[in-house]
Structure formats: structure tokens, C-alpha cells
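Below is one structure, written out as C-alpha cells; the observations come after it.
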Amino acid sequence: MNQLLPYQERYSVNRAGAAELIEADRNFTTETLIQPELERRSAVSRPRPPVLEFNVTGGRVGVYRTSADIPSEIWRRVLSGHSKDHRYYAISAETLAGQFDHAYLVMRDIVGARLAVQPVFLVKQDILDGLPARVHALFASPRRFFPSWLRMGMLVAGCSAGDGALDCRERWAVEMLIEALVAFARQSGVSVILLKDFPSLYRDDLKALNAHGYRRIPSMPGCVIDFNFRTFEEYRSKILGRNMRHKFNKIARMPPVSMQVVSDITPIATEIHALYMQTHQRSKMRFECLTPEFFTRIGQEMPECARFFLWRVDSRLAAFALCLVHDGTMHHLNIGFDYAVSLDQRLYYTTVKDLFEWCLAQGLKRYNTGQLNYHPKLHLRMKLSPLDLYSRHTSALINPLYKLALGFLQPVRHDPLIRQFPNATEL
């Protein structure tokens, strides 16, 4: 794959303020979170002209290497109103720069009155990743002779550390994006264009992709539960099945595990990352690998919505959860465990109980969690939160075969647990 966008160099920024750990009283209704006063980073560099510009029907597109290159008055309003706003995208791009080549498509209409920005990144990806071993075995023989077969350079629209979003859902912006992705893919020399993990609410907005050679397939879904209950005890006794009630009854008889809520984990970023890596390495599907800097900057630069939940056993950090609280919903992004203690302590279910109780105490209406680990989520009576992949091959000759193969290669097809969820047909 042509490296049109060389890897960004990491930068360091002096920030004021130490992390303040707030001990969360087990009476969650009296909990207060103190936000440290953070020094906002000044511009890393002055805005620079785009590294590439081209015309599309209805307007012009500029390609920027970093968010710092985009004029601040434009960048600050990108994805405003989203839980993962412009700050989250900048943090992801700058802390994962060694794994992906990020860029930003700034699209303007002909008169320059309307503007939209779409974050994208370049990656070389094995399209068999996440599929069962039996599927890999089918392709083992050809790969002895062609080791790079089915490892394709991709232009991906969306977020490298989460689900995707559109900065503007209006028809003009979607049509410009479709054309801009094709043009930029040609410039980058990639084989595949992918819109990654877009929530199903975008289906009407993105249906125009069908006429441009794309196929929509389900990505591994997230999970969600609405808090249609007032207390965790009501949830446990009236909604959960017998086996799951039994698990929580066992937890209630065990010694309590202390929990803290923090907004900034700078002093313990290394410990947090070590737990994250234990869980990350156990996952059957891995895409990005987050860094200690990612966790540090999320807390420092998104203090009003970032919440780190920390569980300790005998003063030892045993589990953490990173969540974003936005518009009445807790978005559970990442989790990590010290498996030397967490399995014996049944910490997964302790974290669920504590998170739900905290959400109820804060008056939140919904809990949204990420992909994978579907077995406990099914028995916790969660529903699927569908995410979509839209993809096409850049070659018009190869694309029909590529679209056909997508139907077989989609990971959801090979996970029988997903089909047991009550709303699986929504995928």
C-alpha cells in the first residue's frame, strides 16, 4: 500500500493538574465527582494547507494529515453533540499513529457555505481476522504460496478506536463523501474502501452507497440495555434468569470490593494499561491496541464526560472500566482485568453491578457497551446495538466477487451466540 500519509510523530504537551482520585462511597446517591482544572493544550502546530486537494461533483475536498493542520474554528465543531467528538478522534489518531495513517477529508460545497469533515485512516488488514480457525484452514494452502493473499490495503472511514459517525448526515455531504473516498483511495493505492462500524441509525443516510458498488454487512454488534427499572435489586429479581440471579447472590455473600471513580488516571496510567493488555491479549478479535497515553489524554481532555471506574482487591488494582457519559447514556468503551485475582473474585459481575448502580444513581437512562463477550451480555438481558460495515473493492472487475465473498467472510455469520439475542434480526 502506498504510504501517502507518513506516520505522524508523537508530540508531548505540558499539562497542569494532577489526577484527583475520588473515593466512591457505596451509597452512590451521595457521590460527588470533582473535576480537576485542566490546562487545555494549545495548538500543536499552526494550521497548514491540505496535503492533497481535488474537485468532486458539487464541491472540493482537502485532505489534512492531522487535526492540528485544520483551522481550529472548523475542527472544534466536528462531530459536536456526539459522545466521541473531535477530541476523541484527535486523541485516537495521535496515540495510535504507529498503527494507522490517519487523515481528515474536509469537504466544502461549491460556494463554500457548507462544510463537513470525515476522519479516515489507512491500514493493511487481513480480512480473515476474527473468523473461526476452520475458515482460516480453508485458506491455509493458498497462503503457503501467496502469504499476502487476502491482506489488503484499506481506506477506512470512521474511528480507529470505536464506532464510526458522520459529521454531517445531509445528502450533499454523503454524496461528496462517496466520491471523495474513491478519489482518495486511488491516490493512496489501496484495494478496499470500508466504512467501519457505523450504527444502524445511519442506514437511511448511507443507502446511497448501494448504487456505488458497496455492500452492507453486519459488523460485530455492541450491546445495550435501557434502565427500565429503579434499582439493581429490581433488575436482579424481576428481569434476570435463575442462573444469573444465582451469580449475583454469590457475589453478595463475598467480601465487598472497593470501587473508585476518577476522571484523570495520569498517576496510574501504566497500571491501567497493564490490565487493558491482559484483556486485549485474550480477545479473539483485535484491531487497535490502545496506549497508556490514550487513557491519560481521555481523562485530561474530556473531563466532563470521561469516567474511569477502578476496583481494588487488597489495595491491588484488579479491574478498570473506561466510560463516557453523554446525553443520558453511559458508553462503556474499555475494560481490563488482572486475571490473577479477578476470576476468583467474579469481578466481571461485580463491575456490572457497580456500573448499573452508579448509572441509576446518576439518573442515566441507558447503558451501551462494546463488541464481543456476548455470552454474559445475553444472560444479562441486553439487546444488540447493530453496527454496519459498508465496503467495496476499488477495481470494478473484482468488486462483484469481493461483494460475494463478504457475505461468507462476515464474522457475525460465524458466531451462533449472536443469533440468540431477541433483536438479532435487526442486524
Residue 172-residue 57 pseudo-label distance in nm [points 7 Å out on the Cα-to-Cβ vector]: 1.6 nm
Per DSSP, loop trypsin sites (Lys or Arg not before Pro) in region 253-339 with at most 16 further Cβ within 10 Å: 284, 286
³J(HN,Hα), Karplus 6.51/-1.76/1.60, whole Hz, each residue of region 188-204, x for Gly, Pro: 8, x, 8, 9, 10, 10, 9, 9, 9, 6, 8, x, 5, 5, 8, 4, 5
Selection from 275, 349, 335, by position along the positive dipole direction of region 223-384 (Cβ): 349
Karplus-derived HN-Hα couplings along region 347-352 (A = 6.51, B = -1.76, C = 1.60, θ = phi - 60°), whole Hz, x at Gly and Pro: 5, 4, 6, 5, 5, 4
Segment residue 73-residue 304, length gained on full extension (0.36 nm per residue, minus Cα span): 81.1 nm
Rounded if a/c under 1.5, otherwise prolate or oblate - region 227-357, Cα gyration tensor axes: prolate
Listed residues 262, 294, 360: farthest to the positive end of the dipole of region 223-384 (Cβ charges): 360
Lys, Arg +1 and Asp, Glu -1 on Cβ, resulting dipole of region 223-384 about Cα centre, debye, nearest 20: 980 debye
Amide proton proximity set for residue 334, modelled H, under 5 Å, gap of 5+: 322
Loop trypsin sites (Lys or Arg not before Pro), region 337-386, which have at most 16 other Cβ atoms in a 10 Å radius of their Cβ (DSSP): 346, 365, 381
Contact order normalised by residue count of region 223-384, Cα under 8 Å, 6+ apart, percent: 33 percent
Label point distance in nm, residue 348-residue 113, each placed 7 Å from Cα along Cα→Cβ: 5.5 nm
Computed FRET value (nearest 0.05) for residue 246 with residue 312, which takes r as the C-beta separation and R₀ as 41 Å: 0.95
Sites residue 46 and residue 230, calculated FRET efficiency, Cβ-Cβ separation with R0 51 Å, nearest 0.05: 0.45
Residues with amide H under 5 Å from that of residue 387, placed H, sequence gap 5 or more: 219, 222
Hz values of 3J(HN,Hα) by residue in region 225-241 - Karplus curve (6.51, -1.76, 1.60), Gly and Pro given as x: 9, 8, 7, 8, 8, 8, 9, 5, 5, 5, 4, 5, 7, 10, 10, 6, x
Length added when fully stretched, residue 417-residue 286, from 0.36 nm per residue minus Cα-Cα: 45.3 nm
Under 20 Å from the residue 254 label point (7 Å along Cα→beta-carbon), backbone N, region 323-343: 335-343
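Where a number appears in this text, it was derived from the coordinates with a stated rule and is not lab data. What you see is a predicted model, and the numbers here were worked out from it, not measured in a lab. In this analysis, Cβ positions are derived from the backbone assuming ideal geometry, glycine residues included, and neighbour counts consider all displayed protein chains.
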